[in-house]
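Peer 1: Got a structure for you, questions after.
The values are calculated or read from the model by the stated rules, or taken from the named source; none is laboratory data. Predicted model, so just to flag it, every value in this text is computed and none were measured. Cβ coordinates were reconstructed from backbone atoms using ideal geometry, including for glycine residues, and neighbour counts include every protein chain displayed. Each accessible area value is taken on the protein alone, full model and side chains, heavy atoms only, with ligands, DNA and RNA left out. Shrake-Rupley method; radii C 1.70, N 1.55, O 1.52, S 1.80 Å.
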Amino acid sequence: MRILIIEDEPRAANQLQRLLTASDFEYELLEILDTVEDTVLWFQKNDAPELVFMDIQLADGLSFEIFQKIEIEVPIIFTTAFDQYAIQAFKVNSVDYLLKPIQRDDLEIALAKFSKVNKPVPIESSILKQLLGSLQGVNKREGILVKDGNGFLQIKTSELLYCYSEDSITFGIVLGKRYIINETIDELFDSLDQNQFYKINRGQIVSKTSIQKIDPYFNHRVKLSIVNPRDQEFVVSRPKTSDFKEWMNR
């Protein structure tokens with residue numbers, strides 16, 4: 001079985017491969033892609049795979065944007081960390097969806113469903129437009145539970161300047177304070193209002209209000225001056241630079 005994995009987190013892609021192997025699913029992995037742009041180019045230059053595993057949040061945007069640029073007539077199993085995305089993805093022309101962290105039993109059920117699917121129907125542009133529109137405003141979380149000594153307290157997302165991951169721990173920064181957040185960077189970002197927050201690279205999220213200045217950086221990237229940086233350097237990854245500038249211009 002010729003498969004394609006579209007996933008911007010290497011650990012998640014590796015875990016999926018391990019689960020596929022453990023489930024005795026015979027497959028040939030064609031490639032692992034991590035951006036909307038690379039996926040579009042890949043489909044334009046290669047024969048279609050027989051099955052696609054597709055993360056919803058990619059390095060340069062939502063994977064649904066792929067379908068605005070090319071027509072894909074391949075069964076898709078979406079992967080996501082949040083139910084709100086999974087529900088939307090399931091309404092699109094997919095085989096199934098898997099919630100992260102992916103469990104072996106759930107994967108085997110999805111593969112069994114895939115074996116019964118006939119040729120999929122291309123996604124209608126009207127459905128896709130409605131889907132993308134709904135996703136733009138779906139995340140409006142107002143508070144985050146954080147550790148405070150031996151207990152917990154809630155901080156307002158409106159007070160959050162930025163978040164970063166260090167040694168597999170997620171930290172959230174408000175003015176003068178740093179808190180531990182018991183979520184991964186991806187899980188946290190998926191729950192935030194993405195009109196106000198941007199995941200600039202694999203390990204950092206910034207709020208629009210925290211950005212003081214944007215400067216050119218080598219290799220076609222940009223570097224940010226952020227309120228209360230706490231020895232952190234904020235560089236927008238190359239695949240995201242163009243999209244980040246558009247986001248700042250909204």
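Peer 1: Can you pull out every residue in the stretch 43-68 that is surrounded by fewer than 19 Cβ atoms within 10 Å (Cβ to Cβ) and touching a strand residue (DSSP E or B) at 6+ places or on another chain (Cβ under 7 Å)?
Peer 2: Matches in the stretch 43-68: E50 only.
Peer 1: Can you tell me which of (1) exposed (fewer than 15 other Cβ atoms within 10 Å of the Cβ); (2) among the acidic types (D, E); (3) touching a strand residue (DSSP E or B) at 6+ places or on another chain (Cβ under 9 Å) is the one E166 doesn't meet?
Peer 2: (3)
Peer 1: Additional query: Please tell me if R221 is without any contact (Cβ under 8 Å) to a residue 24 or more places away in the chain and either surrounded by 15 or more Cβ atoms within 10 Å (Cβ to Cβ) or under 17 Å from D60 (Cβ atoms) (or both). Break it down into steps so the answer makes sense when it comes.
Peer 2: Numbers: without any contact (Cβ under 8 Å) to a residue 24 or more places away in the chain: yes; either surrounded by 15 or more Cβ atoms within 10 Å (Cβ to Cβ) or under 17 Å from D60 (Cβ atoms) (or both): yes.
Against the criterion (without any contact (Cβ under 8 Å) to a residue 24 or more places away in the chain and either surrounded by 15 or more Cβ atoms within 10 Å (Cβ to Cβ) or under 17 Å from D60 (Cβ atoms) (or both)), R221 qualifies.
Peer 1: Further question on the same structure: Starting from residues that are part of a loop (DSSP other than H, G, I, E, B) and free of Cβ contacts under 8 Å to residues at least 40 places away in the same chain, keep the ones in the stretch 224-250 and report whichever is most open to solvent (accessible area, probe 1.4 Å). Reasoning before the result, please.
Peer 2: Of the residues in the stretch 224-250, the ones part of a loop (DSSP other than H, G, I, E, B) are 227-233, 237, 249-250.
So of that shortlist, the ones also free of Cβ contacts under 8 Å to residues at least 40 places away in the same chain come out as 229, 231, 233, 249.
Details: P229: 57, D231: 161, E233: 100, N249: 134 Å².
If we take residues in the stretch 224-250 being part of a loop (DSSP other than H, G, I, E, B) and free of Cβ contacts under 8 Å to residues at least 40 places away in the same chain, then D231 is most open to solvent (accessible area, probe 1.4 Å).
Peer 1: Can you find even one residue in the stretch 100-120 that is modelled with pLDDT under 65 and either under 23 Å from the mean Cα position of the chain (by Cα) or not in a helix (DSSP H, G or I) (or both)?
Peer 2: Residues of the stretch 100-120 modelled with pLDDT under 65: 120.
In the following step, the residues that additionally are either under 23 Å from the mean Cα position of the chain (by Cα) or not in a helix (DSSP H, G or I) (or both) were identified as 120.
Yes, some residue in the stretch 100-120 is modelled with pLDDT under 65 and either under 23 Å from the mean Cα position of the chain (by Cα) or not in a helix (DSSP H, G or I) (or both).
Peer 1: Inside the stretch 19-42, can you point out the residues that are aromatic (F, W, Y) and closer than 22 Å to S242 by Cα? Working first, answer last.
Peer 2: Of all residues in the stretch 19-42, those aromatic (F, W, Y) come to 25, 27, 42.
Answer for the stretch 19-42, where residues must be aromatic (F, W, Y) and closer than 22 Å to S242 by Cα: just W42.
Peer 1: Just checking, does the stretch 204-214 include any residue being open to solvent by 30 Å² or more (accessible area, probe 1.4 Å), assigned to a strand (DSSP E or B), touching a strand residue (DSSP E or B) at 6+ places or on another chain (Cβ under 9 Å) and of a type in the set (A, V, I, L, M)? Before you say what the answer is, go through the steps one by one.
Peer 2: Taking the stretch 204-214 first, the residues open to solvent by 30 Å² or more (accessible area, probe 1.4 Å) are 208-209, 212-214.
With the extra rule that they be assigned to a strand (DSSP E or B), the set shrinks to 212-214.
This time we only want the ones that are touching a strand residue (DSSP E or B) at 6+ places or on another chain (Cβ under 9 Å), so: 212-214.
If we keep only those that are of a type in the set (A, V, I, L, M) as well, we get 214.
Yes, the conditions are met somewhere in the stretch 204-214.
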